[in-house]
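What follows is one structure encoded as structure tokens, with my remarks underneath.
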């Protein structure tokens, strides 16, 4: 069972994505901000993949992605951006920072499964 972290400041979005991920047989943990996710990582937590919102207070998803890619232990952690922000410049920036995928909200279970499988395949972690 894959461990997925959903990092989003919208609690309803976390719950909706959690439901979809549970239907895909994933173990899901929600974090309401990037700081909470970073603290969990620094405390030894390790997901198989992180779904990361871009627009969050204090620490944005792009800042969190940059933090992950600068640390050797999380450089190859699969990260998919999940955001209402769909501007091409934002998508390009996320991909340049090392995102493994980008999904615009609202998301369907089919889009989610496709993005997860592509990210796992890229990192040779097996499919769902």
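Throughout, read-outs are computed from the coordinates displayed, never taken from laboratory work. Just so it is clear, the structure is predicted and the values come from calculations on it, not from any experiment. Because the Cβ atoms are built from the backbone with ideal geometry, glycine has one as well, and the counts that use them run over all protein chains shown.
Some points to look at:
- Spin-label model, residue 86 to residue 11: label points 7 Å out along the Cα-to-beta-carbon direction sit 2.8 nm apart.
- Highest-first arrangement of 22-30, 4-12, where packing means the average Cβ count within 10 Å: 4-12, 22-30
- Mean residue ellipticity, 222 nm, helices only, the chain: the sum of -39500 (n - 2.57) across DSSP H runs of n ≥ 4, divided by residue count and rounded to 500, is -13000 deg cm²/dmol.
- Approximating the spin labels as points 7 Å out from Cα along Cα→Cβ, the residue 125-to-residue 95 distance works out to 2.1 nm.
- Note on segment 9-65: Cα-Cα pairs beyond 18 Å make up 33% of the total pair count.
- Comparing 118, 99, 43 in a Gaussian network model of the chain where C-alpha atoms under 10 Å apart are linked, the largest mean-square fluctuation is found at 43.
- Gaussian network model of the chain, Cα within-10 Å springs - most flexible of 44, 101, 61: 44
- Cα centroid separation, segment 1-30 to segment 59-73 (Å): 20
- A straight chain from residue 70 to residue 24 at 0.36 nm per residue would run longer than the Cα-Cα distance by 13.5 nm.
- Only one item in (1) -0.25, -0.70, -1.18; (2) -0.29, -0.78, -1.25; (3) -0.48, -0.82, -1.08 matches log10 I(q)/I(0) by the Debye sum over Cα atoms at q = 0.10, 0.16, 0.20 Å⁻¹ derived from the coordinates shown, and that item is (1).
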